[in-house]
Amino acid sequence: MDFDLSEEQRAIQDTARAFARDEMMPFAGQWDEDELFPVDTLRRAAALGFGGIYVDADLGGSGLSRLDATLIFEELAQGCPSTAAYISIHNMVAWMIDAYGPDELRRRLLPDLCAMAKFGSYCLTEPDSGSDAASLKTRALRRDDHYVLDGSKAFISGGGLSDVYLVMARTGEGGPSGISCFLV
């Protein structure tokens, strides 16, 4: 088995490393001190393909693998761990919409998410159960042709600034099979 990175993977890694060094590292301390969500920097990261890493190219994504993403996030985290974590979360939201959303929703949301013209956050963590999906208390109750969410979430990365929130809620009794995601 060959564990060497391909030439393309080394180029991805080098691009992420240079971006972290030049666009994130010099500003990371100030962003944290000022509690700043670095919108312009995030959009420059998206211009490199880091806003839709797992999304297919036909909707503006990069169509990269999980290994490629690991190389990207490892390098970005050297520049600013909290910004790298948010980019990872944003990518998970885009991936879930791409993988599980209906085509109309995918076409409507993914180009802007991949470009980070719009930002995405997921809402998993709850005050009493942390980030343990099996312990979710937030419920989604079916009412006619829609769901009503009932519960509390905490520690939403990008919260208050995101345009798309993917909320994880319980729709059935017991176990992870009764958990669904909702866009709000």
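Going by the structure shown, is Glu75 open to solvent by 50 Å² or more (accessible area, probe 1.4 Å), at pLDDT 95 or above and assigned to a helix (DSSP H, G or I)? Taking the combined requirement at face value, the residue does not satisfy it.
Being without any contact (Cβ under 8 Å) to a residue 24 or more places away in the chain and open to solvent by 40 Å² or more (accessible area, probe 1.4 Å) is a description that applies to Arg10. Within segment 13-27, residues that are part of a helix (DSSP H, G or I) have Cβ atoms under 8 Å from residues that are hydroxyl-bearing (Ser, Thr, Tyr) and surrounded by 13 or more Cβ atoms within 10 Å (Cβ to Cβ) in these pairs: Glu23/Thr41; Met24/Thr41; Met24/Thr83, counting only partners at least 6 apart in sequence or on another chain. Pro111 satisfies every condition listed in (1) within 20 Å of Ile89 (Cβ to Cβ); (2) in contact with a strand residue (DSSP E or B) (Cβ under 6 Å, 6 or more places away or on another chain); (3) open to solvent by 40 Å² or more (accessible area, probe 1.4 Å) except (2).
Count, please, the residues in segment 83-115 that happen to be among the aromatic types (Phe, Trp, Tyr) and modelled with pLDDT under 95.
Number satisfying all stated conditions: 1.
Selection of first residues in segment 87-98 that are free of Cβ contacts under 8 Å to residues at least 40 places away in the same chain and part of a helix (DSSP H, G or I) and of second residues that are of a type in the set (D, E, K, R) and open to solvent by 20 Å² or more (accessible area, probe 1.4 Å), restricted to Cβ pairs under 6 Å at least 6 apart or on distinct chains, gives an empty result. Between Leu5, Leu42, Leu36, the distinction of being hydrophobic (A, V, I, L, M, F, W, C), more than 19 Å from Ser88 (Cβ to Cβ) and out of contact with any His (no Cβ under 7 Å at 6 or more places or on another chain) belongs to Leu5 only.
Restricting to segment 116-136, and then to whatever is modelled with pLDDT of 90 or more and exposed (fewer than 15 other Cβ atoms within 10 Å of the Cβ), can you tell me which residue is farthest from Phe37 (Cα to Cα)?
Once the filter is applied, the top-ranked residue is Pro127.
Taken together, the residues in segment 44-72 that are surrounded by fewer than 18 Cβ atoms within 10 Å (Cβ to Cβ) and either at pLDDT 95 or above or assigned to a helix (DSSP H, G or I) (or both) amount to 10. Residues in segment 155-169 that are closer than 18 Å to Ala117 by Cβ and assigned to a loop (DSSP other than H, G, I, E, B): Gly158, Gly160, Leu161, Ser162, Asp163.
The values are calculated or read from the model by the stated rules, or taken from the named source; none is laboratory data. These figures come from a predicted structure and were not determined experimentally. Positions of Cβ are backbone-derived with ideal geometry, glycine not excepted, and every protein chain shown enters the neighbour counts. Please note that ligands, DNA and RNA were not included when accessible areas were found on the heavy atoms of the full protein model with its side chains. Shrake-Rupley method; radii C 1.70, N 1.55, O 1.52, S 1.80 Å.
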